[in-house]
Structures are given as structure tokens and as C-alpha cells.
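Visitor: Mind looking over this structure? Questions follow.
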Amino acid sequence: MKIQSFRDRSLLSAICGIVFSLACCGSVVAQSSSSSIHGTVTDPQGNVVAGATITLTNAQKNFSRTQTTTDAGSFAFALIPPDQYTVETQAQGFKKSVLTSVSAQVAKATDLNIQLEIGNVAETVTVSAGAGEVLVNRQDATLGNNFVSQQIAQLPLEARNPLALLTLQAAVTKEGYVAGARTDQSNVTLDGVDINDAQTNAITGTTGPDSVPNGGTQLTPGQNHPVIRLNAEAIEEFRVTTIGANAVQGRSSGAQIALVTKSGSNDWHGALFWANRNTATTANDFFNNRAGVPRPKLIRNTYGGAIGGPIIKDKLFFFYSYEGRKDVSQTGVTRTVPLASMGQGLLRYVGCDPGVDCTATSNQRVVSLTTAQLNAIFPAAGMNPVAIAALAQAASKYPANDFTTGDSSASRLLNTAGFRFNAPTPVTLNSHSGRFDYNLTSKQIVFLRANIIYDLTGGVSQFPDTPAPNLWEHPWGFVAGHTWAISNRFVNNFRYGVTREAFSQQGDSAVNAVQFRFVFSPVLTAPAARTLNRITPVQNITDDFSWVSGNHSMTFGTNIRLISNKRSSFANAYDNGITNPSFYIGGGASISNLVNGGPFQVAPGFASAVQNATTALIDRLSQYSALFTFNHEWSI
């Protein structure tokens, strides 16, 4: 059972709530970081063989365990590290059986049916068990697939993110929804330790930096990847249990995603890689071409390497992997801006002379009202010269080049149009992953794994000369594990890990914000305009105890999480005001009605253009929020 403890609760009260889960089947794989192998030994006639000696070995890591078959001819190896093994079987009156390349996969039980041949025990029959994975799960009710190191290395992955393989399974959408469950209902573990974002808990099959925000909305750490951004070269394998997860597999109702990292062995292994994606292979889009804006730049370099081997042969092993990524990229953006006419205090709309049929297009034309005429129509308010000056400055800095936005078209200029540009959205990612494995004794194994990440992802700025709301992330995590084969019947597996999310979503301004709705906004709207910082460390303690008794394998386990969430936001630190025609008396209709009673009629369909532009020229705030920041930290 999973226990979640918040900072303001004592550890004692959390421990008092622990309930042990008991599973009475041989296929239990505790905490989703280990594996198991079990099966039955028979003779050529199919009769079970009792008292046979089963030895499980991995020579590359000097790993060995031994079992003796029961009266029913069964055996079970629980809580073993996922890897490739050799299984040797010896019994009096039979030839020695050697099965090589037996794959014990993470979060999945391996079933072996070993048939011995009559003969001398000095004779050996060797068979390779690596013919392929049995896709039909006959051990429990879980559904899902395992992805091994070869698949991760050879299948095409966008930005080398292994979780993209999640979408290759049945019942999984490209957004990461699994069997109808939302992305925040999934559970991700790395080497048996929680690496979920404790606040959002959401993942998809893509990496966060690839999801550049549309229109400058806020980047959201954790929404598109776990806290530890996964390094493809460092992942040995993983399994996604889509539905039917066992009680020991997780705390969530959605998918259970269990990953394990690579470890060193007696053999030296290394890898180097570099991939380049260039703007030369991309095409400009239709809207950029029409506006005369060049194609957005995208030069992506992904590079890194890995090395692993022995420090002390048969005793101490290491593995280290680094993956970097650098994007020189741009994102096409269109912002609504005022035309130069608004900077002159003019209101332009499609209208006609008084007394004529304004629904007839032959009577319609673009008309302009001067500041003096507008002041006569609105004597109680009048046009604001400060607003007119601000609109003139905006029109000069950001000349319209896209007439798919605003109230204008290429053939009919009114008050607003679009300013299209390519916003720089650079990406710099650095991921380090290291692991040490130590054979403490022939019965005890310890390991330590650490991940350190430095990421900087460029956000989309409001305009070319305004700051970009960049996202800086520096999460890290480590886990220490100890596996103890106390005897042939008892095995204990302990994990302690810390996963620390840390990010700063930089805002684009530190001033009060004033917007002309539907006309011009000099900065991004909240919350992207303000800085947000968060540090969320999660301590995870797990322990599993396996007890093999006769034909049964029982596993007891517990999972404790201690969460702290420190968060600071400047979203409420600055005032904001807005000129919003929708909040005027009559929802803005009073403005267009007054203009319609002036020297020219407003043509049907152009009332909104009149309301939006006139509200900006009057510049009387229809909404204003005075916000105050009190020096108080919230901790959960």
C-alpha cells in the first residue's frame, strides 16, 4: 500500500497507517523494479521431478541463486534484477539441462517449463531460450508490453524520448491517455522509485521542450514528462501496464510505467551518438510566405554517449551516460497590433452616408472619424491623448504585415491587423545519469543511481523586443537499493530514493500591465507574464519481502512517500488594467450605437470593430485589479 505524507503531518502518523499487501501467486513482481522466474521441472513423460537443483546465474555480473524443486516439481526466483540469465537444472538420473538467454523482464513474470532427458548427470543439454518474448500473459490479469534495450535503441524516437514508445500499444492515445484514464492518473517509476511530478503527475509520449507554447502561453514543467527526463541511452528496458495492474505495482488507477536503468558488467561497453536536424529540410508555412516572413529556423543537434564496465571484476561495476540537445529554433507568432491610423486618433470602419441603405455594398465605403469628431460624439469621456500616443508607438514599432488577424484585410485597412514574426525559442538540454552496482557478498547486492539535469527551454515572447518567458529546470534524483537473498526461501528488496523537481518559469515583465483588449497588449497575459518558481522534493521508501513456501510465493511490501512543495509566484504581485468593450454599459453596443448616430452609419457586421477601437481610444479602464504580495511562503 502506498502512503503519502505531507510536511505538516508527522512521520509517526504516516507509519501508523501502513498496511502490508499480501499476494499469494508466483507471478507477483514487487514495486515494478524487479522481475521473477518460476516454473516446473518434468521428465520426458510429463511427470514432475522433485528435488532437482535449479541454479540461476549471470556471469557478466557474478550473480547466482539456487533453488530446489518442491514435491510438485515447482521452483521460483523472486525479486531478481531484470536481465539475461542462464538456468541450469540437475537431478539424479537425468542429463544436466542448461537454458541460456533466459530473459527476466521488468514488472513481468517469466514462466519456464523445463523437461529433463534421461541420462547421466555428466551429460549436458544446452538450449537457447531467447527465441522471443511470449506476448500472451498467462500469469496474471495485467495487460501491457515490455520494451527492451534493443527496441529503445533502434526504434525511431522524436528527441530520443523512450516514453514515446508508450503510444505504440493498444488503448493508448498520442496524448498519453491510457485505456480512458487521463495522463495525470499514470504512475512512473525508475528503478522502483517514484519520479512523477507530485503536483501535476501528468505525462505524455512527447518531451516537454518539443511542446513549444502556442502564442506565448505558459510552459508547464512536468505536464509532458516525468521529473527525471529520461535519457534513452541509460534505459535498459521498461514495461507499460495499461490495465489490470497488480496491487504491488502502483498507487494510481491509470497506466503503470516501470523503467530500469542500465548497469555495468564484466565487459566494457560504450556508445557515441550525434543527430542533426536542419532548417534546410523544412518548408515555410503558407502564412509566413504570405506575410513575407522567412521560414522559422530549426537546427537541432542531439548528442551524447555512454560507457560502462567493471571497476573491480565480479565485484563493482559502473555505468555513465550523458545526453545533450541544443536547438537553434524559431516559432512563428502573430500578434494583434493597431494600425498607424489609430496612432493618429482616427476611427475607421465600413459605413455609409446617413439615410441610405447601408446593407447594400454599393453604398458602403471605409470612413474615418477624427479625434475631434469622436470627442463630439463622446463629450463625457473624450479620446485619451496618452492612449493615442501609446497606440502610435505600437504601430511604429510593430508594423502590420498579416491581415488574417484584426479587423482589417489586405484590401481594406481599418484599425487593427496582425504583426507576424519568428520568435526565437532555443532549447539547451543536459542530462547526466550514473549508476554503481556492488556485489557486497554472494547473497547481497547494493546499487546507487543518480540523475542530474540542466535544461533551458525558450518560451515565445510577446514581441521581438520583449523578454521571453523561458523555462529553467534543474531536477535531480537518486536511489539506493539493497537486495538480500537471506536464504533460498526469503529475499528482501529495499529502496530509498529522492526525486527533486526544481524549475523557474521566467515571466516577461515586472511592471503593472495595461491592455487594450482586441487591439494591443504590450506584454503577455498572466500567468505567463509573471515568474513562477517551484521546488518539490519527494522522498520514497519501499521495501519488499518475498517468501517462497512450497508451491506458493508470497510477497509483503510497503511504499512510503514524503512530499514537500515550496512554491513562489509573482502572478499577484502587480496591478493589471484592461479596456474591455464587453464590460461597458450595454456590452459595448452603446459605443457603436452612438457612433452610428454620428456623421456616418456603421455597416452591418462592423459594430465590433467600432466598439474595440473606440474603447481603446477612450482608454477608460473597464477592469482594474490592485494586487499585493505579502511576504508569506506556502508549504504543503
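Visitor: Among the residues that make up the range 514-531, is at least one of them part of a strand (DSSP E or B), closer than 23 Å to Ala198 by Cα and of a type in the set (D, E, K, R)?
Guide: Within the range 514-531, not a single residue is part of a strand (DSSP E or B), closer than 23 Å to Ala198 by Cα and of a type in the set (D, E, K, R).
Visitor: Can you tell me which residues in the range 48-86 are over 45 Å from the mean Cα position of the chain (by Cα) and in a strand (DSSP E or B)? Outline the logic, then answer.
Guide: In the first step, residues of the range 48-86 are kept if they are over 45 Å from the mean Cα position of the chain (by Cα); the result is 48-53, 68-73.
Within the range 48-86, Val48, Thr53, Thr68 qualify.
Visitor: Can you give me the number of residues within the range 538-570 that are more than 26 Å from Asp194 (Cα to Cα) and surrounded by fewer than 16 Cβ atoms within 10 Å (Cβ to Cβ)?
Guide: 4
Visitor: Here is a follow-up. Can you tell which of Asn533, Asn492 is under 32 Å from the mean Cα position of the chain (by Cα) and more than 30 Å from Leu339 (Cβ to Cβ)? Let's see the steps before the verdict.
Guide: Working: Asn492 fails: under 32 Å from the mean Cα position of the chain (by Cα).
One residue alone meets the criteria, Asn533.
Visitor: Something else about it: Could you list, in sequence order, the residues of the range 143-163 that are closer than 16 Å to Glu323 by Cβ, of a type in the set (A, V, I, L, M, F, W, C) and in contact with a helix residue (DSSP H, G or I) (Cβ under 6 Å, 6 or more places away or on another chain)?
Guide: Listed by number, the residues that qualify are Ile152, Leu157, Ala159.
Visitor: I want to confirm something. Restricting to the range 246-305 and keeping residues that are in a strand (DSSP E or B) and of a type in the set (S, T, N, Q), which single residue is farthest from the chain's Cα centre (by Cα)?
Guide: Narrowing the range 246-305 to residues in a strand (DSSP E or B): 256-261, 269-277, 298-305.
Still in the running and of a type in the set (S, T, N, Q): 256, 261, 276, 301-302.
On the way: Gln256: 15, Thr261: 18, Asn276: 23, Asn301: 21, Thr302: 18 Å.
Across the range 246-305, the extreme among qualifying residues is Asn276.
Visitor: Taking Ala510, is it assigned to a loop (DSSP other than H, G, I, E, B), of a type in the set (A, V, I, L, M), buried (at least 18 other Cβ atoms within 10 Å of the Cβ) and not assigned by TED's automatic domain parsing to the domain that holds Ile618?
Guide: Numbers: assigned to a loop (DSSP other than H, G, I, E, B): yes; of a type in the set (A, V, I, L, M): yes; buried (at least 18 other Cβ atoms within 10 Å of the Cβ): no; not assigned by TED's automatic domain parsing to the domain that holds Ile618: yes.
The answer is no for Ala510.
Visitor: Filtering the range 342-363 down to residues that are surrounded by fewer than 19 Cβ atoms within 10 Å (Cβ to Cβ) and within 26 Å of Asn401 (Cα to Cα), which residue is nearest to the chain's Cα centre (by Cα)?
Guide: Of all residues in the range 342-363, those surrounded by fewer than 19 Cβ atoms within 10 Å (Cβ to Cβ) come to 343-344, 353-357, 359-363.
Checking the rest, the ones that are also within 26 Å of Asn401 (Cα to Cα) come to 343-344.
On the way: Gly343: 44, Gln344: 48 Å.
Of everything passing the filter in the range 342-363, Gly343 is nearest to the chain's Cα centre (by Cα).
Visitor: Which members of the range 354-396 meet the condition of being assigned to a loop (DSSP other than H, G, I, E, B) and in contact (Cβ under 8 Å) with a residue 24 or more places away in the chain?
Guide: Our first condition is that a residue be assigned to a loop (DSSP other than H, G, I, E, B); within the range 354-396, this holds for 354-360, 364, 370, 378-384.
Scanning the range 354-396 gives Pro354, Val356, Cys358, Thr359, Gln364, Thr370, Phe378, Ala381, Gly382, Met383, Asn384.
Visitor: Within the range 370-419, track down each residue that is of a type in the set (A, V, I, L, M) and under 38 Å from the mean Cα position of the chain (by Cα). Quick ask: steps written out before the conclusion?
Guide: Pass one, the range 370-419, residues of a type in the set (A, V, I, L, M): 372, 374, 376-377, 380-381, 383, 386-392, 394-395, 400, 410, 413-414, 417.
Passing the criteria: Ala394, Ala400, Ala417.
Visitor: Quick one: what pairs do we get from the range 480-503, first residue in contact (Cβ under 8 Å) with a residue 24 or more places away in the chain, second outside any strand (DSSP E or B) and of a type in the set (D, E, K, R), C-beta under 6 Å, 6+ apart or different chains?
Guide: Qualifying pairs under 6 Å: Ala485/Lys443; Glu501/Asp197.
Visitor: If I go through the range 301-331 residue by residue, how many of them are at negative phi, among the small types (Gly, Ala, Ser) and buried (at least 21 other Cβ atoms within 10 Å of the Cβ)?
Guide: Residues flagged as at negative phi, among the small types (Gly, Ala, Ser) and buried (at least 21 other Cβ atoms within 10 Å of the Cβ) within the range 301-331 amount to 3.
Visitor: Part of a strand (DSSP E or B) and in contact with a Lys or Arg (Cβ under 8 Å, 6 or more places away or on another chain), is that true of Arg348? Step through it out loud before you land on a result.
Guide: Working: part of a strand (DSSP E or B): yes; in contact with a Lys or Arg (Cβ under 8 Å, 6 or more places away or on another chain): no.
Spelling it out, it is not the case that Arg348 is part of a strand (DSSP E or B) and in contact with a Lys or Arg (Cβ under 8 Å, 6 or more places away or on another chain).
Visitor: Based on this model, can you work out whether Thr89 counts as of a type in the set (Ser, Thr, Tyr), surrounded by 22 or more Cβ atoms within 10 Å (Cβ to Cβ) and over 39 Å from the mean Cα position of the chain (by Cα)? Walk me through it before giving the result.
Guide: Working: of a type in the set (Ser, Thr, Tyr): yes; surrounded by 22 or more Cβ atoms within 10 Å (Cβ to Cβ): yes; over 39 Å from the mean Cα position of the chain (by Cα): yes.
Against the criterion (of a type in the set (Ser, Thr, Tyr), surrounded by 22 or more Cβ atoms within 10 Å (Cβ to Cβ) and over 39 Å from the mean Cα position of the chain (by Cα)), Thr89 qualifies.
Visitor: Oh, and also: Kindly list, by first and then second residue, each pair from a residue in the range 58-71 that is closer than 15 Å to Leu99 by Cβ to a residue that is acidic (Asp, Glu), limited to pairs with Cβ atoms under 8 Å and residues at least 6 apart or on different chains.
Guide: Taking only residues 6 or more apart or on different chains, the pairs are Asn58/Asp83.
Visitor: Still on this model: For the range 167-178, how many residues meet the condition of being surrounded by 16 or more Cβ atoms within 10 Å (Cβ to Cβ) and modelled with pLDDT of 80 or more?
Guide: So the count comes out to 4.
Visitor: I'm told Ile535 meets every condition in (1) outside any loop (DSSP other than H, G, I, E, B); (2) crowded, with 18+ Cβ neighbours inside 10 Å; (3) without any contact (Cβ under 8 Å) to a residue 60 or more places away in the chain except one. Can you identify the failing condition by its number?
Guide: All conditions are met except number (2).
Visitor: Every residue in the range 196-209 that is within 11 Å of the chain's Cα centre (by Cα) and at pLDDT 75 or above, please. If you could, list the steps in order and put the result at the bottom.
Guide: Taking the range 196-209 as the starting set, the residues that turn out to be within 11 Å of the chain's Cα centre (by Cα) are 196-197, 200-209.
If the condition is that a residue be within 11 Å of the chain's Cα centre (by Cα) and at pLDDT 75 or above, then Asn196, Asp197, Thr200 are the ones that fit.
The values are calculated or read from the model by the stated rules, or taken from the named source; none is laboratory data. Here the structure is a predicted model, which means the values were calculated and not measured. No Cβ is skipped: glycine too gets one built from the backbone with ideal geometry, and neighbour counts run over all protein chains shown.
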